[in-house]
Amino acid sequence: EDKWVSADAQYAVDTMLSGGFSTFTVMLLDLKKDGYTASFNSHENAQTDGSDNETDAYLELVVNDARRRYYVTNDAYVRGGDYYGDNFGSEDFLYAEESHTTINGASPIDNYSRRAYLNFNLSDIDKDDKVSDAKLYLYGRMIESDAPDRPETVKDSIEVLICDDPMRTFSESTLKWS
């Protein structure tokens, strides 16, 4: 079952703002190499009807003691291995997974390697503004890599690593692993 998950993004947002950037780019990495894939709604698949049923990823910030919500402006995922040159910018879901195979004790970049990217426009935050809280919200689940359509394979917990990405911005239609 899909659910909302949140992650602290304070350090990444502070780093981005202190660098003078107005676009916050996040890369999601799967923390466990266990054969499961983190699957999140992309904004192409999200419900954004203004109701409590919205499922679009967002960044919630407290700026000068006022809560603000920023919805994702671009999102895509990339995939390694045989798919390194393919673009997945218009897909309904974003995936994050690290290979669960090993070669001489190391994990290769292979067909199981996927990373999700999200952009948020924070251009309305001035350099003198104080951001006292930052959380990233994603709607999704963990699914077994080899059986993504079988609901019985869903795990309870979602564990991903949020990385502030120096790319800063990307195009959904051209982003690739390569």
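The values are calculated or read from the model by the stated rules, or taken from the named source; none is laboratory data. Given the structure is predicted, the values throughout are model-derived calculations rather than measurements. All Cβ positions, glycine included, derive from the backbone under ideal geometry; neighbour counts span all protein chains shown. Just the protein is used for accessible areas: all its heavy atoms, side chains included, with ligands, DNA and RNA removed. Shrake-Rupley method; radii C 1.70, N 1.55, O 1.52, S 1.80 Å.
Residues in the range 17-58 that are within 18 Å of residue 115 (Cβ to Cβ) and among the aliphatic types (A, V, I, L, M) were compared, and the one that is modelled with the highest pLDDT is 57. Of all residue pairs spaced 6 or more apart or on separate chains, those with beta-carbon atoms under 7 Å, a first member in the range 119-131 that is within 13 Å of residue 9 (Cβ to Cβ) and of a type in the set (Val, Ile, Thr) and a second member that is modelled with pLDDT under 95 and open to solvent by less than 20 Å² (accessible area, probe 1.4 Å) are 131/13. Of the listed requirements (1) in contact with a His (Cβ under 9 Å, 6 or more places away or on another chain); (2) among the hydroxyl-bearing types (Ser, Thr, Tyr); (3) surrounded by fewer than 19 Cβ atoms within 10 Å (Cβ to Cβ), residue 36 misses just one: (3).
Once the range 54-66 is narrowed to residues that are in contact (Cβ under 8 Å) with a residue 24 or more places away in the chain and surrounded by fewer than 16 Cβ atoms within 10 Å (Cβ to Cβ), the residue that is nearest to residue 162 (Cα to Cα) is 60.
Selection of the range 119-135 for residues being open to solvent by 60 Å² or more (accessible area, probe 1.4 Å) and outside any strand (DSSP E or B) yields 123, 124, 126, 127, 128, 130.
Tally up the residues in the range 76-118 that are in a loop (DSSP other than H, G, I, E, B), modelled with pLDDT of 90 or more and crowded, with 18+ Cβ neighbours inside 10 Å, please.
We begin by selecting, within the range 76-118, every residue in a loop (DSSP other than H, G, I, E, B); these are 80, 84-92, 98-102, 104-105, 107-113.
Imposing the further condition that a residue be modelled with pLDDT of 90 or more reduces the set to 80, 84-92.
Within this subset, residues satisfying the condition of being crowded, with 18+ Cβ neighbours inside 10 Å are 80, 87-89.
Result for the range 76-118: 4.
The set of residues in the range 1-21 being touching a strand residue (DSSP E or B) at 6+ places or on another chain (Cβ under 7 Å) and assigned to a loop (DSSP other than H, G, I, E, B) consists of 1, 2, 9. Every test in (1) closer than 18 Å to residue 162 by Cα; (2) open to solvent by less than 40 Å² (accessible area, probe 1.4 Å); (3) in contact with a strand residue (DSSP E or B) (Cβ under 8 Å, 6 or more places away or on another chain) is passed by residue 73 save one, and that test is (2).
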